[in-house]
Amino acid sequence: MSDPQATARAIDAMRRGWPVTIAGTGGALTLLAIESADPVRLATFDAGAQAGVLLSAGRAATLKLANQRDAAVPDAPVLVARAPWLDFAAATALADPQFDLATPMKGPFRAIPVPVADAAAAALRLARIAGILPAFFVIEGGEPALSIADIDAHEDAGRLAIATRARLPIAHAEDAEIVAFRTPEAAGEHVALLIGAPDGRPPLVRLHSECLTGDVLGSLKCDCGPQLDAALAAMVADGWGILLYLRQEGRGIGLVNKLRAYALQDQGFDTVDANTRLGFAVDARDFGVAARMLTLLKQDRIRLLTNNPAKVAALEAAGVEVVERVPHALPANAHNARYLATKRDRTGHQL
């Protein structure tokens, strides 16, 4: 059994700089998030200066602390042994790649076996859900505040339900309807925008991940805003479509971490390397959420407006038949040309 509120309480504690204990197989880990801690909190948490530093393999690889196999799974856990010089400032430099240019010489550090490996992996996952850097001081043991099952429940797309729906006239379609979805555990809501009405054909569907910078502020670093606008126009032209607006900012790593990735891109890294240097998977989104939304809308056969084969595969694996993949291409600009090339060359996007 899982506690529906345990993960929400743990996220709140982590963001406030409080320790959290996660139960795993054969033990537990007590963790202090580096991003929200400070030297005083660390001294209280670990008076003997024995706590190691838990990072992800993606981040550890940039520090030459992960072997090739570990680095192939960017969000796998890596534990760095505590050393006399590994104080709070040094740990912050380990955790946050924005300091790499300011402190290029780090270490020497030593990676050691990770105790309670499933709890360690869950901690990194919890950091992503909370929108903070996946880096912790860690002590083995403690009275667990949550379990891996609690975190699973928090991200269980099957718990998503329709909360409400209403007519929503928009610039593209005055007869549109908006449908909001949420789970008992997670704070954010996903929404669907229905354009037109069912007519017996599979609807034209667009999975659009939230992008504040592109959708609202008109960022030229990505193509999200123009893609959203073009998708709505295509649905109007087709007569029947569904836009799924997924609250998975920054490919699932959250707004703040996405902006950190932008800062790394300014240093010359592409979007893939920026995400892994931060310690995250290349793409942490859960398209099972979209499949659940379509199921609740009673649409199990669709035409998918996308260039991303991973979306097709994820929907089909969840029981939604994609009868056609409809390409969705827009012109590049001087600011997003490299971004679009990276999506094509490194994450398999195709026209």
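The set of residues in region 249-273 that are part of a helix (DSSP H, G or I), modelled with pLDDT under 90 and touching a helix residue (DSSP H, G or I) at 6+ places or on another chain (Cβ under 6 Å) comprises Thr271, Val272.
Can you say whether Asp96 is modelled with pLDDT of 85 or more, of a type in the set (Asp, Glu) and farther than 19 Å from Pro134 by Cβ, as far as the supplied structure shows? Break it down into steps so the answer makes sense when it comes.
On the way: modelled with pLDDT of 85 or more: yes; of a type in the set (Asp, Glu): yes; farther than 19 Å from Pro134 by Cβ: no.
Against the criterion (modelled with pLDDT of 85 or more, of a type in the set (Asp, Glu) and farther than 19 Å from Pro134 by Cβ), Asp96 does not qualify.
Scanning region 138-195 for residues that are modelled with pLDDT of 95 or more, open to solvent by 60 Å² or more (accessible area, probe 1.4 Å) and acidic (Asp, Glu) turns up just one, Glu140. Report whether or not Thr44 is part of a helix (DSSP H, G or I) and loosely packed, with under 13 Cβ neighbours inside 10 Å. So Thr44 fits the description; yes. With respect to Leu228, determine if the residue is out of contact with any helix residue (DSSP H, G or I) (no Cβ under 8 Å at 6 or more places or on another chain), part of a helix (DSSP H, G or I) and of a type outside the set (Ser, Thr, Tyr). Answer is no for this residue.
Tallying residues that are surrounded by fewer than 16 Cβ atoms within 10 Å (Cβ to Cβ) and farther than 14 Å from Phe137 by Cα within region 85-97 yields 1. Assess whether Asp286 counts as being at pLDDT 90 or above and open to solvent by 40 Å² or more (accessible area, probe 1.4 Å). The answer is yes for Asp286.
Against the conditions (1) open to solvent by 30 Å² or more (accessible area, probe 1.4 Å); (2) of a type in the set (A, V, I, L, M); (3) in a helix (DSSP H, G or I), Leu220 satisfies every one except (3).
The values are calculated or read from the model by the stated rules, or taken from the named source; none is laboratory data. Note that the structure is predicted; figures quoted are calculated from it, not measured. Here the Cβ is made from the backbone with ideal geometry for all residues, glycine too, and neighbour counts use every protein chain on show. With ligands, DNA and RNA removed, areas are computed over all heavy atoms of the protein, side chains included. Shrake-Rupley method; radii C 1.70, N 1.55, O 1.52, S 1.80 Å.
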